[in-house]
Structures are given as C-alpha cells and as structure tokens.
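No value in this document is a laboratory result; all are computed from the given coordinates. Quick caveat: nothing in here was measured; it's all calculated off a predicted structure. Because the Cβ atoms are built from the backbone with ideal geometry, glycine has one as well, and the counts that use them run over all protein chains shown.
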Amino acid sequence: MYQVKSFSPETTYKLAFRLAQELQGSELIAIEGDLGAGKTLFVKGLAAGLGAVEPVTSPTFTLLHLYEGRLLLAHFDVYRLPSPQALEELGYEEYFFGPGVTAVEWSDLIQAYLPEEYLLVSIKRIDDPKRGEGRLIELVPFGIAIETLVEELMKDDRPRD
C-alpha cells in the first residue's frame, strides 16, 4: 500500500493525472471514499491525464460516462446501482476487461465483479492541526503489473502540497 496526503484539490487531481500518464490500457481503478471525499475529482485528473477534453461529471444517475482521450476512459458510479447484478445489463465486461481504462466509484459495492488485477484508490478525510482538512489517498495494487505501475508512479514526481 502507498499513501499520499493531500491538503488541496490540486494535489489530488495531480496524483490522478500522473497515474493516468502511466496507464497503458486494460487497467481498472476502483475508487472508494465517503460522499464528498474527492472520488469524482480523482476521475477528473485521470481523464485529463489521458487527454480527454470533455468535462467529467459524476455519472450518479446514468451510472456510466465515456471519455475519449489517448485511451478510452469508462467512468462508472455504482452508488445508485439497484443491485450488483445490474452491472451485467450495462455490459460492464466490455469495459472492465477491455482495452481502455475503467474507473469505478463506490467499487466496494461490486467487489465480486472486479478483475483479479486492479488498483484500489481509497480516499479518506483527515484533519491536521496545522494544515486543516485534507485527504489520505491510499493506493493498493492488486496484481504484479499494477504493483509495478504504482511503484513507477510513486518514485516519479510524487505530488506534494
């Protein structure tokens, strides 16, 4: 597990942007955190890092948005998914196991559908007496290729406040 403390939205965004630049395709980024923790902001950074030009919005009511860039980014928000099985109606396999990048907000709700290899991004609120409210972003790689990707990310231009 790798940890980054962020005390600004820009730092969270930059971390995701840098991660996106390391992505080669076929990666799934599972994002967890409370409401307002910064999950969609993280996806905005991913999209920008992949070169997508259209604005990223939360797909809470449509469940899935697609963004074209260097790689296709499929952005799922499964918070309002009626049941985990409803993913099958969305054709999730095309994205979860396809050539693009998939970002899934609230991934803990569909754990059984995640591939063997993925990156878990957990965003938690923290409070620092000197710096105020921030976020602890934990990157937990599952699989050797994802572990290598995160190692490269963390030794390169580590975002700092």
*Under the rule of -39500 (n - 2.57) per DSSP H run of 4 or more residues, summed and divided by the residues of the chain, what mean residue ellipticity at 222 nm is obtained, to the nearest 500 deg cm²/dmol?*
-8000 deg cm²/dmol
*Net charge contributed by nearby residues that have their C-beta within less than 13 Å of residue 45 (K/R +1, D/E -1)*: +3
*Assign unit charges at the C-beta atoms only (+1 for Lys and Arg, -1 for Asp and Glu), then state the dipole size of region 1-136 relative to its Cα centre in Debye, rounded to the nearest 20.*
720 debye
*So how much slack lies between residue 130 and residue 108, counting 0.36 nm per residue of separation and subtracting their Cα-Cα distance, in nm?*
4.7 nm
*asked:* Charges at C-beta only: +1 for Lys and Arg, -1 for Asp and Glu. How large is the resulting dipole of region 1-80 about its Cα centre, in Debye rounded to 20?
replied: 140 debye
*Provide the percentage of antiparallel DSSP beta bridges, counting only those with both residues in region 2-155; round to the nearest 5.*
55 percent
*What net charge do the residues around residue 106 carry, taking every other residue with its C-beta under 12 Å from that of residue 106, with Lys and Arg at +1 and Asp and Glu at -1?*
-3
*Would you be so kind as to identify which of 136, 153, 106 lies farthest towards the positive end of the dipole of region 2-155, taking Lys and Arg as +1 and Asp and Glu as -1 on Cβ and the Cα centre as origin?*
136
